[in-house]
Amino acid sequence: MGRSGLYKSDVKQARDILLAQGKHPSVDAVRIALGNTGSKTTIHKYLKELQEEDGVDRKSSISEILQDLVERLAGQLQAEANEKLDAATAKHQEQARAQAELISALRAEVAAVNDRLEQVSQSLKKEQGTHAATREALQDLTVTHRAAEQRIVGLQERLQENEQYRQSLEQKHEHARQSLEHYRSSVKEQREQDQRRHEQQVQQLQAEMRQLQQSLVVRQEEVTRLNQEGVRLVSDLSHARKSLHDEQANGRQLAQRLEVLQEAEQRGRLIEVQLAEKTVLSERLAEQLAAAKAQAEGYARQIRELELSLASTQARMEVQQSLNEELRSYLKHQNNTGKDESK
């Protein structure tokens, strides 16, 4: 709805303001500048009258203002376009430089990868050679293990033979005891004749008895020492057998480790990661194999020496015990004879 009392001067003032701002003084623009008041018909009428009053000169002035405004806008647009073009050129040059550096880095990386592949190929060949040596070592270990088992069987047979020999010695000892009993019986029958011996012979016999008693003490000490040595040899033999059993367990563990190495051959795709570990493990297995072989040979020699020493000691003990029994019987007989003659 138009404002009452709208004057031509108000319209002229609003139009001038719009022109000064570089805007086209249309009816709507003028009405907005007037605060949305006034009739559009009235505003249009006043604007038409003002245009007629301004004439041709006013039209020329507006054209110049518009032309100047267009020229300034064009200059500003050209400057902004130049700035954007310079920024795009610099960005393109930076991207080109970065791409050149990236290409150089990629070429260097490709060369390093080729070198690494060559090293891996050589390492793979070396690992294959190491695996072949490990398989040969496994075969040698298997042969050594079988030989050790055969030696163990031989040792067990020798132990059985020693047991049979011991039983034979016990039988001989039983025969000797029976012979001693028979001797005692015969001595008892001859006691009457022995009582008639001369006193001088009794004195000589007593002297001999003292000497024999001293010898008996010495022999008893020797028997005690031999018993102790036999106990020690038995203990050493037990330790040697335990060590041999431990060595067999170590052999089985080594076989298991070698089976793990065989499984590792099937995982060839991981050879680059596991190469160092397999090399160290192969060296340790070789050292353990050599140590185990040397230790097994040492145990075998020790067992043979202990068995020989034990058999010798048992034989000496049995002979010594037999002699001691005969000596005690003889001394007892002589003592009884001396007492009877004194009566």
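The values are calculated or read from the model by the stated rules, or taken from the named source; none is laboratory data. The model shown is predicted, which means the values in this text are computed figures rather than measured ones. Here the Cβ is made from the backbone with ideal geometry for all residues, glycine too, and neighbour counts use every protein chain on show.
Worth pointing out:
- Qualifying residue in region 166-189 (condition: of a type outside the set (Asp, Glu), in a helix (DSSP H, G or I) and under 30 Å from Glu247 (Cβ atoms)): yes
- Per-region count, region 171-213, residues aliphatic (A, V, I, L, M) and without any contact (Cβ under 8 Å) to a residue 12 or more places away in the chain: 1
- Considering Arg210, Arg257, Arg191, Arg184, the condition of being of a type in the set (Lys, Arg), at pLDDT below 75 and assigned by TED's automatic domain parsing to the domain that holds Ala286 is satisfied by Arg257 alone.
- Residue in region 213-226 that is of a type outside the set (Phe, Trp, Tyr) and under 30 Å from Ala137 (Cα atoms) present: no
- Selection of first residues in region 6-20 that are within 13 Å of Gly38 (Cβ to Cβ) and of second residues that are surrounded by fewer than 17 Cβ atoms within 10 Å (Cβ to Cβ) and among the basic types (Lys, Arg), restricted to Cβ pairs under 7 Å at least 6 apart or on distinct chains, gives an empty result.
- Filtered residues of region 300-320 (kept if among the aliphatic types (A, V, I, L, M) and either within 17 Å of Ser243 (Cβ to Cβ) or touching a residue at least 12 places away in the same chain (Cβ under 8 Å) (or both)): Ala300, Ile303, Leu306, Leu310, Ala311, Ala315, Met317
- Screening Val273, Val218 for residues that are at pLDDT 75 or above, in a helix (DSSP H, G or I) and of a type in the set (Val, Ile, Thr) leaves exactly one candidate, Val218.
- Against the conditions (1) farther than 23 Å from Leu285 by Cβ; (2) modelled with pLDDT of 85 or more, Val143 satisfies every one except (1).
- Candidates Gln195, Gln214, filtered to the one that is loosely packed, with under 12 Cβ neighbours inside 10 Å and either farther than 30 Å from Thr279 by Cα or not hydrophobic (A, V, I, L, M, F, W, C) (or both): Gln214
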